[in-house]
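See structure below.
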Amino acid sequence: MLIRKPTDIKPSDITAESVFLNRRTLLRSAGFLGASTLLPQAHAADEEIPAKYKRLTGVRPSPLSTKDAPNRFDEISGYNNFYEFGTDKADPAAESGRFRPQPWKVKIDGEAGITGTFDYDSIVKPHALEERIYRFRCVEAWSMVIPWVGIPLGEVLKRYNPTSKARYVAFETVVRPAEMPGQKYPILDWPYVEGLTMAEAMHPLTLLVVGVYGVELPNQNGAPLRLIVPWKYGFKSIKSLVRISFREKQPPTTWNISAPDEYGFYANVNPAVDHPRWSQASERRVSSGVGSLFASRQPTLPFNGYAAQVASLYKGLDLARNF
Ligand code: MTE
């Protein structure tokens, strides 16, 4: 992955976070917040979200949200990795205007009782949408806090009756070089592919994402459907999904094909295992809101802070070898 070294690091967004938290503490102690509103929910100012993004209805807050203050909409939609649109962080926003996320179909195949090609509504509509404010840690040692809107992936997968042979789930991004200019070049092996173990795919934290900040996903964030696996490095969170395959064998993954010594299949966030070319012990939160691109460095947490929920998935596995 191409790495940018920020030169001007300015103070962090800690002020914004403490203001946010203090306000809630105040309201709570004054008895203004009822049980359900105690759940953190992200609200971007209306003027921050361009009107072209359709608001999603019926989105409920999730108890699995972090209380960290979310990044701004313009940070989340303006600083992206989506190599199908180019390798610069600004390319996905600048180059994805021609991409058409609807109509959309997903092929579901492999070791499952129900297989076939399904349209977006038949996959998404049977489920209630949740807002999950997650910490998101890129392998390049920057991070954000993002209010995703989605459905637990496991709830979706269950409906296709995976068989006992299904030990892995493989995912594939759409190939449309006419709409995705980066795909005209051999930057990566297209299509972008990713995979999870069945236990990871079924874990309640793993989200099939359809939106952010209460609106439909911007093209640059992986419209109309992407994964979020919050305890793993960002490259596992594959965008613009068109295929989900239940497999018996571990599927190949794009960054592992591209640089096997640098990017493993598991890619669990792990401050104790450095990338061969840089440390993973700390990260910089993207924070243009304080006048510079990054906030100050903060320690990276094992499993990105989700160890209590997911560490048991890897019992007995050597995480330094299975990076
Ligand atoms: N999915 C596809 N198809 N192509 C990509 O280049 N980049 C990955 C991941 N999913 C990528 C992808 C990487 S490296 C990261 S960090 C995240 O998407 C970035 O997601 P975001 O731009 O929504 O923050």
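The values are calculated or read from the model by the stated rules, or taken from the named source; none is laboratory data. These numbers were taken from a predicted model, which means no experiment stands behind them. So basically every Cβ, Gly included, is an ideal-geometry build from the backbone, and we count neighbours across all protein chains shown. Please note that ligands, DNA and RNA were not included when accessible areas were found on the heavy atoms of the full protein model with its side chains. Shrake-Rupley method; radii C 1.70, N 1.55, O 1.52, S 1.80 Å.
I'd like to know if the stretch 111-125 contains one or more residues that are open to solvent by 10 Å² or more (accessible area, probe 1.4 Å), of a type in the set (Ser, Thr, Tyr) and within 16 Å of the ligand (Cβ to nearest atom). Within the stretch 111-125, not a single residue is open to solvent by 10 Å² or more (accessible area, probe 1.4 Å), of a type in the set (Ser, Thr, Tyr) and within 16 Å of the ligand (Cβ to nearest atom).
Within the stretch 33-40, is even one residue buried (at least 16 other Cβ atoms within 10 Å of the Cβ), at pLDDT 95 or above and in contact with a Pro (Cβ under 9 Å, 6 or more places away or on another chain)? Walk me through it before giving the result.
Within the stretch 33-40, the first condition is being buried (at least 16 other Cβ atoms within 10 Å of the Cβ), and the residues that meet it are 39-40.
Imposing the further condition that a residue be at pLDDT 95 or above reduces the set to none.
Looking through the stretch 33-40, none of the residues is buried (at least 16 other Cβ atoms within 10 Å of the Cβ), at pLDDT 95 or above and in contact with a Pro (Cβ under 9 Å, 6 or more places away or on another chain).
The criterion of being touching an Asp or Glu at 6+ places or on another chain (Cβ under 9 Å), surrounded by fewer than 19 Cβ atoms within 10 Å (Cβ to Cβ) and within 26 Å of residue 319 (Cβ to Cβ) does not hold for residue 243.
Against the definition (open to solvent by less than 30 Å² (accessible area, probe 1.4 Å) and over 18 Å from residue 240 (Cβ atoms)), how does residue 140 come out, yes or no? Give the steps one after another, and end with the answer.
Details: open to solvent by less than 30 Å² (accessible area, probe 1.4 Å): yes; over 18 Å from residue 240 (Cβ atoms): yes.
It is true that residue 140 is open to solvent by less than 30 Å² (accessible area, probe 1.4 Å) and over 18 Å from residue 240 (Cβ atoms).
Residue selection: residue 230 fails the criterion of being more than 23 Å from residue 170 (Cβ to Cβ) and touching a residue at least 12 places away in the same chain (Cβ under 8 Å). Filter the stretch 266-323 down to the residues that are in contact with a strand residue (DSSP E or B) (Cβ under 9 Å, 6 or more places away or on another chain) and of a type in the set (Lys, Arg), then identify the one that is surrounded by the most Cβ atoms within 10 Å (Cβ to Cβ). Within the stretch 266-323, the match that is surrounded by the most Cβ atoms within 10 Å (Cβ to Cβ) is 285.
Counting only residues that are in contact with a Pro (Cβ under 7 Å, 6 or more places away or on another chain), free of Cβ contacts under 8 Å to residues at least 60 places away in the same chain and part of a strand (DSSP E or B), the stretch 142-161 holds 1 of them. For the stretch 171-208, filtered to residues that are within 16 Å of the ligand (Cβ to nearest atom) and hydroxyl-bearing (Ser, Thr, Tyr), the residue that is farthest from the chain's Cα centre (by Cα) is 185.
Among the residues of the stretch 213-245, write down those that are assigned to a helix (DSSP H, G or I) and away from the ligand (no atom under 11 Å from the Cβ). Across the stretch 213-245, there are no qualifying residues.
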